[in-house]
1. Quick one: which helices (runs of 4 or more DSSP H) lie wholly within region B:172-275 and hold at least 2 residues that are more than 8 Å from every other protein chain (Cβ to nearest Cβ) and charged (D, E, K, R)?
2. Test each condition in (1) away from chain A (no Cβ under 14 Å); (2) touching a residue at least 12 places away in the same chain (Cβ under 8 Å); (3) hydroxyl-bearing (Ser, Thr, Tyr) for B:SER46 and report the one that comes out false.
3. Filter region A:167-178 down to residues that are crowded, with 23+ Cβ neighbours inside 10 Å and out of contact with any helix residue (DSSP H, G or I) (no Cβ under 6 Å at 6 or more places or on another chain) and give me whichever is nearest to B:ARG312 (Cα to Cα).
4. Just the residues that are β-branched (Val, Ile, Thr) and part of a loop (DSSP other than H, G, I, E, B), please, taken from region A:2-37.
5. Determine, yes or no, whether B:GLY272 is closer than 30 Å to A:GLY147 by Cβ, free of Cβ contacts under 8 Å to residues at least 40 places away in the same chain and not assigned by TED's automatic domain parsing to the domain that holds B:THR49.
6. Kindly indicate the residue of region A:51-74 that is closer than 30 Å to B:PRO213 by Cβ and not hydrophobic (A, V, I, L, M, F, W, C) and also surrounded by the fewest Cβ atoms within 10 Å (Cβ to Cβ) among those meeting that condition.
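The values are calculated or read from the model by the stated rules, or taken from the named source; none is laboratory data. A quick note: this is a predicted structure, and the numbers were derived from the prediction, not measured. Ideal geometry is used to build each Cβ from the backbone, glycine not excepted, and the neighbour counts take in all protein chains shown.
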Number of protein chains: 2
Amino acid sequence: MPVSRPPRSTRTVKAGSLLIGGGFPVSVQTMWKAAIGPADFEAVISSLTRLGELGCDLVRFAVPDLAAAEAVGALSRRTAMPIAADIHFDHTLALRCLDFPIAKIRINPGTLGAEWKVREVVGKAADRGVALRVGVNAGSLPRSLEGEKDPAEAMVKAAEEELELLDRLSFRDAVFSLKSSDVGETIRANMRFSKAHDHPLHLGVTEAGPLIPGIVRSTAGIGNLLERGIGDTIRVSLSAPAADEVVAGVEILRATGRRSEGVKIISCPRCGRTTFDVQNFTEDVSSFIHSTRKTITIAVMGCAVNGPGEARKADLGITGAGKMAILFRKGEIVRRVTYEQALEAFQQEFDKLCAD
Amino acid sequence: MPVSRPPRSTRTVKAGSLLIGGGFPVSVQTMWKAAIGPADFEAVISSLTRLGELGCDLVRFAVPDLAAAEAVGALSRRTAMPIAADIHFDHTLALRCLDFPIAKIRINPGTLGAEWKVREVVGKAADRGVALRVGVNAGSLPRSLEGEKDPAEAMVKAAEEELELLDRLSFRDAVFSLKSSDVGETIRANMRFSKAHDHPLHLGVTEAGPLIPGIVRSTAGIGNLLERGIGDTIRVSLSAPAADEVVAGVEILRATGRRSEGVKIISCPRCGRTTFDVQNFTEDVSSFIHSTRKTITIAVMGCAVNGPGEARKADLGITGAGKMAILFRKGEIVRRVTYEQALEAFQQEFDKLCAD
């Protein structure tokens, strides 16, 4: 983007193997969508690996009860993916999680309650070298702030009350988030907080909705802040699978110039001119193209209007042209194949490109 | 959005019943994804009605040959939806379309060729009171501009060459578009063009890709321009169904404060705390909630953390709470139902809300 500001300068917070803020790359998070128990570990670990391949850097798990704390803690011993534990209401769940090698604890000022509980969590997190996220959410503000008329201001105040306590306790390894389901409130709250404090910011539009509206609102909110240089880690919150959240998050970083690695797909929308089924072809290729972190542009085009032009500019391109598909590699025609052969040929060329 | 500039002032262009620019609401377009013939008319007309309910204001059809020109022309007589004809290579197809009540002809300076062809199209469009869109695309620039190093500048030059010809012919009813598959290039080209000319702009990021990356890039590009006050009609270009393009387009207008009517869904992403299947529920409700143009906010929430807070703020809210779902209407609890009864109860309350 031509209009991006450079990232603002923040302190660095270490969440397990992940470094947040301080000029480190903006990371992508998601949240696990279901309760887990030990019986699920194999499947969960393999999903975490897949999420990592898609570009995910940390996964958060809800910890609603002690069984969840035990399960999430045990899981954190068995995966390289940094794990965050999400705690509301009962601070003893956070204390239990801190017996395991988790990367981060998320607490919410509106749901954790009395200061002595926060003190206990902060004390143990400091002892164990675990990061905290203070996650303020417009839907669950502390009761004391319910009278505040401007929701953005109420979120900033909730964050600053908690920050003041962390400062008194000399706890420095905190990331903050200020999320609303309203894009404008989210932007305003983060702009205000980031002006006054050097803590890394975790960005998200909360409860952003189903896939399509959720991606639009998340891009509008997170993207706008990233273009202002604000934001150190992001989570796209969708009523959709975690993998969709990760793919959307990575694309937001890419669209705002914050990440270049991985595959960029250019593909045409189809029209009455198209002889090549671009939509199904892009779905087919997405099964294998996201497992590389190389910086590659591919183009999947339907016809002779923009097809050859886009396909030529890409590292690997395919365009329908009448009854045949033409494959381009870095501007040169490498193969002409039938539509039936197109997927296999494309995958072969893609693998060669990744192997180079 | 708190940072939006007011829309810039442009001339008004009339495309059938749709007014573009001049302070009229930003409209949403899509493009038909397949070839059509008379045998498809009933199905196409019924889809156009559905696209209109979703918020679509104009639908473009590719016209690759004379049979398509006849079909698209005949269709334009049978639907209230404004129809645009997309012409490349053969200007006689545009001339034939102009015998029918179509709303707009799209021409591409890079593919239409010699000036005398453009003159013929422009002359007949003026006679028939039909609007033109000059659609410049970075993937199909005129050969004369292939040496230009900055693709944004090349797009502006292509648009201005055509504009100069339209001015000489005293043709005023033209909308312009400058689209690249690169978000930054798209933004830069539109910013430059809009500074110098008062023509309405049709915004889009071309070949934006499959659903998720395509929505991210379209929101980043179109959203950024709308926030600068630039843009009079938009098209989200996805390798996905036309309805998805329309839903995404409407959401982009909503997220940038350019449209408020219709239903805004707030819904939680699910986590290990959720007892209510929010993802399936939001999919179920999307079958009926998009057919109103009333301004309504609904919230579909999974648990007691943010659920009651968000559900209370919405016009109609539902939140899981243990084994029951609670329905809120404008902050008041109206019903408690089992999860099995939730969809029917929600639809009843939604219908009541729309009928008010």
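1. Helices (runs of 4 or more DSSP H) meeting the threshold: B:183-196.
2. (2)
3. Step by step, filter region A:167-178, then rank; the result is A:SER177.
4. A:VAL3, A:THR10, A:VAL26, A:ILE36
5. no
6. A:GLU53
Per-residue answers, yes or no, for (1) of a type in the set (D, E, K, R); (2) assigned by TED's automatic domain parsing to the domain that holds B:PHE24; (3) closer than 30 Å to A:GLY184 by Cβ:
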{"position": "B:ALA126", "(1), (2), (3)": "no, yes, no"}
{"position": "B:ARG143", "(1), (2), (3)": "yes, yes, no"}
{"position": "B:ALA152", "(1), (2), (3)": "no, yes, yes"}
{"position": "B:VAL156", "(1), (2), (3)": "no, yes, no"}
{"position": "B:GLU160", "(1), (2), (3)": "yes, yes, no"}
{"position": "B:GLU185", "(1), (2), (3)": "yes, yes, yes"}
{"position": "B:ALA220", "(1), (2), (3)": "no, yes, yes"}
{"position": "B:SER239", "(1), (2), (3)": "no, yes, no"}
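Here is a yes/no grid of residues against (1) without any contact (Cβ under 8 Å) to a residue 60 or more places away in the chain; (2) closer than 30 Å to A:VAL285 by Cα; (3) in contact with a strand residue (DSSP E or B) (Cβ under 9 Å, 6 or more places away or on another chain); (4) not charged (D, E, K, R):
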position: A:ASP57; (1), (2), (3), (4): no, yes, yes, no
position: A:GLU70; (1), (2), (3), (4): yes, no, no, no
position: A:SER76; (1), (2), (3), (4): yes, no, yes, yes
position: A:MET81; (1), (2), (3), (4): yes, yes, yes, yes
position: A:ALA114; (1), (2), (3), (4): yes, no, no, yes
position: A:VAL134; (1), (2), (3), (4): yes, no, yes, yes
position: A:ALA138; (1), (2), (3), (4): no, no, yes, yes
position: A:GLY147; (1), (2), (3), (4): yes, no, no, yes
